[in-house]
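This report concerns only the one structure given below.
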Amino acid sequence: MRVRAFTAALSGALAFCAFGVAPAQASPVSPITITAVTVNGGQPIAVGTTTKTISAAVLGTNDSGIGAGTVLLWHGATDYAHRDATLSDPNLGVCFSPGAFGYCTSTIGITPALDSDRALYSNSLAGTWKVAPFLWGANHQPGYSYQYSTVQVLRQAKLSADAAPEPAYVGQTINVSGRLVRADWETGAYAGYANRPVQLQFHKTGSTGFVTLKTVTTGSDGVLNTTVKVSANGSYRFAFAADATTSAVQSVEDVVNVG
């Protein structure tokens, strides 16, 4: 059975929780039990220079069924009351409760380069965020956690690769160049990411997967430039592993045929 979010009274209860005040519990019996929370399918959230929308869900049980719920993301060094940014669904989540078990889904829009409590207004916000789920039973019994789990909210990276000359002959030295950039949430543009390790990888035609040939460090403005000897037909690409603030990314592969 699909259950609509509670009205103003329940919205008010959420407001109390959001400011660190627990709503009065309706009854000591039939408490809410939060059993699982998922955010963005369990993957890090890579945010570029435009609004990104993700989904989150909180699952739980209550003898009366699940009536309402939502998931908040917040950033801060200490506790929720002293957070420096919050990401949330402007509405209570949509809930489904076929019985004592139920879940609520939330839709969270994340907007960079805006000075707002609900936006990524500073690059310093990249990294680990806390996940705070809230649920209410159909009998208004509350259940919540300000630090149930964490999720990575990262600056989105982009990476290019170009191998030249092509075609080439076996044993010839070719140049592979590219650039690693990442979103700057404060300017709304992408900027070079310097002094980062990037792998040069090769996929031989007819084989399975890529092998790493070497690790190259980005120069000023994120520029990459290296050489490699051609051994066979195949594709070259660069690959960057995520770090504490920036998402993982792989370039489009560039094919080099042996002439």
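Identify which of Thr61, Thr215, Thr38 has the largest mean-square fluctuation in a Gaussian network model of the chain, with springs joining Cα atoms closer than 10 Å. Fluctuation is largest for Thr215. Mean projected area of the Cα convex hull of the stretch 135-259, taken over all directions, amounts to 11.8 nm².
The residue list Gly69, Thr217, Thr107 was ranked by how far each Cα lies along the charge dipole of the chain toward its positive end, using unit charges on Cβ atoms, and Thr217 comes out on top. Per residue, the chain exposes an accessible area of 47 Å² to a 1.4 Å probe, with every protein chain left in place.
Principal axis analysis of the Cα atoms in the stretch 59-210 yields extents of 74, 40, 23 Å, listed in decreasing size. Ignoring solvent entirely, what values of log10 I(q)/I(0) come out of the Debye formula for the stretch 75-138 at 0.11, 0.24, 0.29 Å⁻¹ when each Cα is a single scatterer? These q points yield log10 I(q)/I(0) values of -0.34, -1.07, -1.33.
Across the accessible surface of the chain, with the other protein chains kept in place and a 1.4 Å probe, carbon and sulfur atoms take up 53 percent.
Principal-axis analysis of the Cα atoms of the chain puts helix 8-18 at an angle of about 60° to the longest axis. Scalar couplings 3J(HN,Hα) for the stretch 86-91, obtained by applying the Karplus form with A = 6.51, B = -1.76, C = 1.60 to θ = phi - 60°, are 9, 10, 7, 7, x, 10 Hz; x denotes Gly and Pro. Phi angles of the stretch 184-201 translate, via the Karplus equation with coefficients 6.51, -1.76, 1.60 and θ = phi - 60°, into HN-Hα couplings of 9, 5, 7, 10, x, 9, 9, 9, x, 10, 8, 6, 10, x, 10, 8, 8, 10 Hz per residue; Gly and Pro are given as x.
The loop-placed chymotrypsin sites (Phe, Trp or Tyr not before Pro) in the stretch 32-105, going by DSSP, include none that has at most 11 neighbouring Cβ atoms within 10 Å of its Cβ. Counted over all Cα-Cα pairs of the chain, pairs farther apart than 31 Å make up 43 percent. Using heavy atoms of the protein chains and a probe of 1.4 Å, the accessible area assigned to Phe210 is about 60 Å². Near the amide H of Ala119, within less than 5 Å, lie the amide hydrogens of Thr86, all on another chain or at least 5 residues away, with H placed in the peptide plane.
Structural size metrics of the stretch 89-172, computed from C-alpha coordinates, are Rg and Dmax of 22.3, 75 Å.
Of the listed residues Asp79, Asp89, the order by accessible area with a 1.4 Å probe, largest first, is Asp79, Asp89.
The values are calculated or read from the model by the stated rules, or taken from the named source; none is laboratory data. Computed from a prediction, not measured in an experiment: that's the story for all the values here. Note: ideal-geometry Cβ built from the backbone for every residue, glycine included; neighbour counts use all protein chains shown. Note: accessible area is taken over every heavy atom of the protein model, side chains too, but ligands, DNA and RNA are not part of it. Shrake-Rupley method; radii C 1.70, N 1.55, O 1.52, S 1.80 Å.
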